[in-house]
Amino acid sequence: MTPEDILAHPARVLSEVQRRAYFATGYLAAPGLIPDPWLDRLNALSAAFIDKSRTVAKSNEEFDLGPEHRPARPHVRRLRTLVDRHPDFWRFASESVLADIAADLVGPDVKFHSSKLNYKWPGGGEIVQWHQDIPAWPHTNYSPVTLGVYLCDVPAEQGPLTCIPGSHRGPIFVHRDAKGAWTGAVSDKDMAEAGLDRTEDLTGPAGTVIAINCRTLHASRANFTSRVRPVALFVYSSADAFAWMPAPSPTSHTGEIVRGAPATVAHLDPTPCPVPPDWSRAGYGSIFTAQQGDL
Ligand SMILES: O=C(O)CCC(=O)C(=O)O
């Protein structure tokens, strides 16, 4: 569906101003939409998994662990394929207001793609470099949106995601180095022209939903506080968008329709998209391992 097709359907949760801001800039931060019981549940599950990680020494299908991970001092960078970690994560992705927010941004027929829970630990050392999401999991159109839920307050100094307004209408960059190896990041040379002088940080109180279009250039800032920053991320698309390469982190629900009906006709956007590695053969670690040269 095109933005015009999507906007022709009445909004369910977001205001018209919020929807139009998303299509104009390529992102949105919307506080106050996630009911407290859901936020409490997500935080309780997150705490339980961090505790579980104390018994795990190296990254596995559940946890992406940082090099300093220790039982006494967990350093989980990512809880992988979130909707397969606990049924309540899938209930949240498919039955809660989140899927209605997705419908406001991709149209009434909504397909689920993937999910994860990213942590940014104190100390200021970890950032996520500038990238676009779509080169890692290309689709036949550019409707895919990542919805993030901040599980705690995220002020500017606590590692918020940050975006370049309007970049979803610009080039789609190759996320590879000079030798062609996948880096998961846009090169400094490409970023020099990309508008780094007009970034916007997506800050907000606990429960803020952030929406980032799959073409939007985004990164995340260092966490200079003494608190961890957890963000649960869920990717949805219009039902008429079809992935044309294997997903990097498929879940048991990837491709399921969570609102409306399956598409009978695919929407093909003619804008070319770079081809990622075939993750079903190459394997995929995480954006952290790719950006740190450890794919
Ligand atoms: O967790 C973060 O800070 C950024 C995550 C992100 O941009 C991604 O996983 O694509």
**Per residue solvent-accessible surface (Å²) - the chain, probe of 1.4 Å** = 42
**Reduced Cα scattering model of region 17-164, Debye log10 I(q)/I(0), q = 0.10, 0.13 Å⁻¹** = -0.39, -0.68
**Prompt:** Using alpha-carbon positions, what is the distance between the centroids of region 8-35 and region 40-94, in Å?
**Reply:** 29
**Request:** Mind grabbing the base-10 log of I(q)/I(0) for the chain at q = 0.11 Å⁻¹? Debye formula, identical points on the C-alpha positions, no solvent, two decimal places.
**Result:** -0.60
**In range of the label at S280: residues from region 231-247 whose backbone nitrogen is under 18 Å from the point 7 Å along Cα→Cβ** = 242-247
**Item:** Alpha carbon convex hull of region 159-259, projected area averaged over orientations, nm²
**Value:** 9.0
**Prompt:** Which FRET efficiency value, to the nearest 0.05, is calculated for E157 and N43 with the Förster distance at 22 angstrom and r the Cβ-Cβ distance?
**Reply:** 0.60
**Request:** Only helical DSSP H runs with n ≥ 4 go in: add -39500 (n - 2.57) per run for the chain, normalise by residue count and round the 222 nm mean residue ellipticity to 500 deg cm²/dmol.
**Result:** -6000 deg cm²/dmol
**Item:** Square roots of 5 times each gyration tensor eigenvalue, C-alpha, region 115-192, largest first, Å
**Value:** 24, 17, 13
**Message:** Of L196, T162, N60, which is farthest towards the positive pole of the chain's charge dipole, taken about the Cα centre with +1 and -1 on the beta-carbons of Lys, Arg and Asp, Glu respectively?
**Reply:** N60
**Message:** Taking 35 Å as R0, compute the FRET efficiency from the Cβ-Cβ separation of A57 and L268 and round it to 0.05.
**Reply:** 0.15
**Request:** Using a Förster distance of 25 angstrom, determine the FRET efficiency expected from the C-beta separation of D190 and A24, and round it to 0.05.
**Result:** 0.65
**Request:** Would you mind telling me the share, in percent, of accessible area of the chain contributed by carbon and sulfur at probe 1.4 angstrom?
**Result:** 55
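The values are calculated or read from the model by the stated rules, or taken from the named source; none is laboratory data. Everything numeric here is computed off the predicted structure, so don't read it as measured data. Heads up, the Cβs are rebuilt from the backbone with ideal geometry, glycines too, and the neighbour counts pull from every protein chain shown. Each accessible area value is taken on the protein alone, full model and side chains, heavy atoms only, with ligands, DNA and RNA left out. Shrake-Rupley method; radii C 1.70, N 1.55, O 1.52, S 1.80 Å.
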